[in-house]
Amino acid sequence: MIETRLLRQFIAVAEELHFHKAAERLHMAQPPLSQAINRLEEKLGFSLLLRNKRGVRLTAAGAAFLDASYRTLAELEKGIEYARNVSAGVSGKLTITAISIAYYDSLLGSLRRFRETYPNVQLTIREMPSASQAKALLAGEADIGFMRRLPLPAGTLEARLLLDEQIVMAMPASHAKAQQREVDLREFADEDFVFTPPALGGGYHAQLIALCEAAGFHPKVVQEAAQIHTLLGLVACGFGVALVPASFVGSTPRERVQFCPIRPIDEQPAPGIDLYMKWNAQNASPALANFIAMFETQE
């Protein structure tokens with residue numbers, strides 16, 4: 001490995017073609033400079049300079065090595081600048097995991113603002129269920145996640161509640177109750193339901209099951225779908241009804257699926273579902289810190 005100090009000393013000699021002038025430029029004595037160039041040539045195994053009474057000239061190899069030295073130091077400076085920017089969180093990479101967020105305008109707006117503020121941070125967005133997001137965050141495979149509530153605390157994950165949205169009933173447009181302004185969940189006790197699998201987001205699944213049980217029944221799940229868009233497609237085809245976040249109202253044409261608010265039971269609050277931003281507290285990424293800070297300042 002060649003020290004950068006030797007490269008800078010060689011460049012000074014190659015540009016001045018005079019050891020004494022190069023030594024003055026480097027603020028050092030001439031003998032140590034001559035010894036340094038000799039050590040560099042020994043490390044390389046070939047001569048860089050032709051020395052005679054009339055002065056100093058570069059060998060062909062020396063001229064080639066001078067170009068290489070310029071490139072090496074320039075790349076090093078670029079690398080240092082990039083590392084400095086990464087340290088400040090204005091460059092680098094940020095991997096984001098999320099449930100389907102296409103209909104969360106405020107969240108999409110925040111992502112846009114981050115990209116505009118930190119254009120040199122490379123964003124990677126991966127759509128996945130909440131449980132898979134938690135695993136990715138804990139394994140260091142992702143930096144920030146947007147997910148539903150998990151059934152149990154997930155190790156070192158920190159959380160910030162972003163949104164508590166209403167749960168609505170999605171029904172085929174031909175359903176007898178599709179044109180009602182709101183529906184009573186108890187009237188769906190005998191209906192077929194389409195649900196997301198519990199393994200993909202146990203907390204979200206458990207919340208919806210608990211909502212049905214509070215209405216006096218356990219839902220008859222006839223079909224599961226990993227993504228809500230697929231689930232709504234199944235509803236449109238007549239597989240059954242589904243409980244979904246209100247953000248998805250309007251995601252499917254009304255001639256196919258109707259969305260109705262659920263009437264509170266026994267004066268309880270309207271049923272809702274949470275959306276969280278979560279991250280690993282042990283993740284020291286400066287870009288992540290800037291991302292979180294941006295959300296904090298939006299309040």
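In table form, for the structure just shown:
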item: Accessible surface of the chain [probe 1.4 Å, protein heavy atoms]: carbon and sulfur percent; result: 52 percent
item: Cβ-based charge dipole, the chain, positive-most Cα from His218, Gly145, Tyr103; result: Gly145
item: Heavy-atom accessible area ranking, 1.4 Å probe, most first, across Tyr104, Tyr82, Tyr70, Tyr276; result: Tyr82, Tyr70, Tyr276, Tyr104
item: Cleavage-rule hits (trypsin sites (Lys or Arg not before Pro)) in segment 21-61: DSSP loop, at most 12 neighbouring Cβ within 10 angstrom; result: Lys53, Arg54
item: Hz values of 3J(HN,Hα) by residue in segment 232-246 - Karplus curve (6.51, -1.76, 1.60), Gly and Pro given as x; result: 5, x, 5, 4, 4, 7, x, 5, x, 9, 8, 9, 9, x, 5
item: Heavy-atom surface of the chain, accessible at 1.4 Å and reported per residue (Å²); result: 53 Å²
item: Rg(Cα) / (2.2 N^0.38 Å) computed for segment 126-171, rounded to two decimals; result: 1.31
item: Per-selection Kirkwood Rh - segment 21-140 (Cα, Å, 1 d.p.); result: 19.7 Å
item: Local net charge near Leu108, Cβ-Cβ under 14 Å (Lys/Arg +1, Asp/Glu -1); result: 0
item: Share of alpha-carbon pairs per 5 Å distance bin for the chain, given as whole %; result: 1, 5, 10, 11, 11, 9, 7, 6, 6, 5, 4, 4, 4, 4, 4, 4, 3, 3, 1, 0, 0, 0
item: Equivalent ellipsoid, segment 124-228 (semi-axes from 5 times Cα gyration tensor eigenvalues, Å); result: 31, 14, 13
item: Computed [θ] at 222 nm, deg cm²/dmol, the chain (DSSP H ≥ 4; -39,500 (n - 2.57); rounded to nearest 500); result: -13000 deg cm²/dmol
item: The chain, relative contact order [Cα under 8 Å, separation at least 6], %; result: 21 percent
item: Cα gyration tensor shape of segment 182-260, rounded if a/c is under 1.5, else prolate or oblate by comparing a/b with b/c; result: oblate
item: Within-13-Å neighbourhood charge of Gln179 [Cβ basis; K, R +1; D, E -1]; result: +1
item: Electrostatic dipole magnitude of the chain [Cβ: Lys, Arg +1; Asp, Glu -1; Cα centre; debye, to 20]; result: 1820 debye
item: Under 27 Å, Cα to Cα: Lys pairs in the chain, sequence gap 8 or more or different chains; result: 9
item: Under 5 Å, built H, 5+ apart or other chain: amide partners of Asp192; result: Val241
item: Among Ala142, Ala63, Ala236, residue whose mean-square fluctuation peaks in a GNM of the chain (springs only between Cα atoms under 10 Å); result: Ala63
item: Per-peptide average of other Cβ atoms within 10 Å, ordering 167-178, 216-227 highest first; result: 167-178, 216-227
item: Protection proxy ranking of 205-211, 248-254 - average other beta-carbon atoms within 10 Å, highest first; result: 205-211, 248-254
item: Nonlocal amide H pairs with Gln122, under 5 Å, H built at 1.01 Å; result: Gly92, Lys93, Leu94
item: Residue-span extension gain [Ala199 to Ala270] - 0.36 nm each, minus C-alpha spacing; result: 23.0 nm
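The values are calculated or read from the model by the stated rules, or taken from the named source; none is laboratory data. Keep in mind that this is a model prediction, so the values were computed, not measured. Every residue, glycine as well, gets a Cβ built from its backbone with ideal geometry; the counts of neighbours run over all protein chains shown. Side chains are part of the model used for accessible areas, which takes the heavy atoms of the whole protein and leaves out ligands, DNA and RNA. Shrake-Rupley method; radii C 1.70, N 1.55, O 1.52, S 1.80 Å.
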